[in-house]
1. Out of all the residues in region 300-308, is one or more at pLDDT 95 or above and part of a helix (DSSP H, G or I)?
2. Which numbered condition trips up ILE105, out of (1) part of a loop (DSSP other than H, G, I, E, B); (2) open to solvent by less than 60 Å² (accessible area, probe 1.4 Å)?
3. What's the number of the condition THR125 fails, among (1) in a strand (DSSP E or B); (2) open to solvent by 10 Å² or more (accessible area, probe 1.4 Å); (3) β-branched (Val, Ile, Thr)?
4. From the set of residues in region 369-382 that are within 16 Å of LEU419 (Cα to Cα) and assigned to a helix (DSSP H, G or I), which is modelled with the lowest pLDDT?
5. Only one residue in SER137, SER120 is at pLDDT 95 or above and open to solvent by less than 50 Å² (accessible area, probe 1.4 Å). Which one?
6. Report, by residue number, each residue of region 72-94 that is part of a loop (DSSP other than H, G, I, E, B) and under 16 Å from LEU318 (Cα atoms).
7. From GLU158, GLU181, grab the single residue that is charged (D, E, K, R) and either part of a loop (DSSP other than H, G, I, E, B) or over 30 Å from GLU355 (Cα atoms) (or both).
8. I'd like the full set of residues that are touching a Ser or Thr at 6+ places or on another chain (Cβ under 8 Å) and either within 20 Å of MET406 (Cα to Cα) or surrounded by 14 or more Cβ atoms within 10 Å (Cβ to Cβ) (or both), limited to region 293-317.
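The values are calculated or read from the model by the stated rules, or taken from the named source; none is laboratory data. Please read these numbers as outputs of a predicted model, since none were measured by experiment. When we count neighbours, we look across all protein chains shown, and the Cβ atoms used for this are built from the backbone with ideal geometry, even at glycine. What goes into the accessible areas is simple: the full protein's heavy atoms, side chains included, and nothing from ligands, DNA or RNA. Shrake-Rupley method; radii C 1.70, N 1.55, O 1.52, S 1.80 Å.
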Amino acid sequence: MPVRLFVSLSPPPSFVCLFTGNTSPPSLTSLSSFLLCSSCCEVMSPVSVPPPQCLKKQMVVPHRYMFGPGPSNVPRRILEAGAKPVIGHMHPEIFEIMSDIKSGIQYLFQTQNRTTFAVSGTGHTAMECAIFNTVESGESVLVAVNGIWGERAADMAERVGARVKTIVAPPGGYLTNAEIEKALSEHRPVLFFLAHGESSTGVLHPLDGIGDLCHKYNCLLLVDSVASIGGTPLYMDQQGIDILYTGSQKVLNAPPGTAPISFSESACRKVFSRTTKPVSFFLDLSWLSNYWGCDDKPARIYHHTGPVTAFYSLRESLAVLADEGLEKSWERHQKVAEYFHTGLESMGLKLFVKEKHARLPTVTTIVAPHGYDWKEITAYIMKTHSLEISGGLGPSVSLVFRVGLMGCNSSKANVDMVLAALKDALKHCHRSKV
């Protein structure tokens, strides 16, 4: 589009040409020449990247049944809470909401730990917060690997210079307390990591007695409960867990982006007696505990801009859980899981975890039926039923389907929906005769 210039024929007393820097007023001849040129030529803009055409279209997000291992569907009550007006992350009203969240997490975790809060980020952020704060370079860390989350924890600990040792459970299985004690005695770690609900394999790892074993060898117990908390019994204080974390997007049914975490007094003593600073400023517990009002300091100091709308959603999700009650939530998830397992077996499908007591009630792993392409089945169910189920992850890749029924999604009606979708897919998807 040609550039239009509006030129006064009476130049101001102090004239400087913006194009040439000339201080002499232009003549009518030169002005007419410039205007003639500008009528057919474009003046180059400093903006070289144009506005993207895709952003001129309205965003469309389809409705889907989120029955994979997470995130889960978000109820309207929680969505509406997240849409409330944004206010400052250091406003007193936000501090009150953060206090409510702390109380809700203490209920969810069954702990009285003062250092209880939500990390701004997903479950991986909480995992790093736990490891980066408690472990210093050269210290020994023991990791139970019963799926991908143990592998990730070992990777994180190695990145801070820890001497990492692993004990590996068989696929779909778990470690005995005797095996754990043997490794603790041999390696003398400062930290032992264990995934309670291993969503990649569908294993619910027993916890009773492990905290006592860790403390016997002067070791802290770190437990990942991202896929399990709220859907099966867990008692942080009673079971001797020193650091516990989860994510907002599974049983809690909040959007991804906040990660509840809690540190015992023993864990805090280890963190605050470090000889070196934690490798991450963002995840430094001394800063985070102050921002969340977990220390004895009279004032909170700015650390980072907290995701206030995510805090609204998390608070509401904890309120939903409190309304139902933990014990009723545990019972509902267990009954729905058993109903689902019975339905799968009646179809001739096999469960990946053989021992019933070791099956995670929130995420079920189904052995991929012989002759089928698991990718074709999951794609067919997504396209035909707008329903997400997932394939394996980490050690279970290509071996299983993973179905997550968490929080509001844990119902017999949703089980019937998944079973019908699986039957339809097995009927219409290609099956190899080989």
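1. There is at least one residue in region 300-308 that is at pLDDT 95 or above and part of a helix (DSSP H, G or I).
2. Unmet condition: (1).
3. Among (1) in a strand (DSSP E or B); (2) open to solvent by 10 Å² or more (accessible area, probe 1.4 Å); (3) β-branched (Val, Ile, Thr), THR125 violates only (1).
4. Among those that are within 16 Å of LEU419 (Cα to Cα) and assigned to a helix (DSSP H, G or I), it is TRP374.
5. Among SER137, SER120, only SER120 is at pLDDT 95 or above and open to solvent by less than 50 Å² (accessible area, probe 1.4 Å).
6. Of everything in region 72-94, those that are part of a loop (DSSP other than H, G, I, E, B) and under 16 Å from LEU318 (Cα atoms) turn out to be SER72, ASN73, VAL74, PRO75.
7. Just a single option satisfies the conditions, and that option is GLU158.
8. Listed by number, the residues that qualify are GLY293, CYS294, ASP295, GLY306, PRO307, ALA310, PHE311, SER313, LEU314, SER317.
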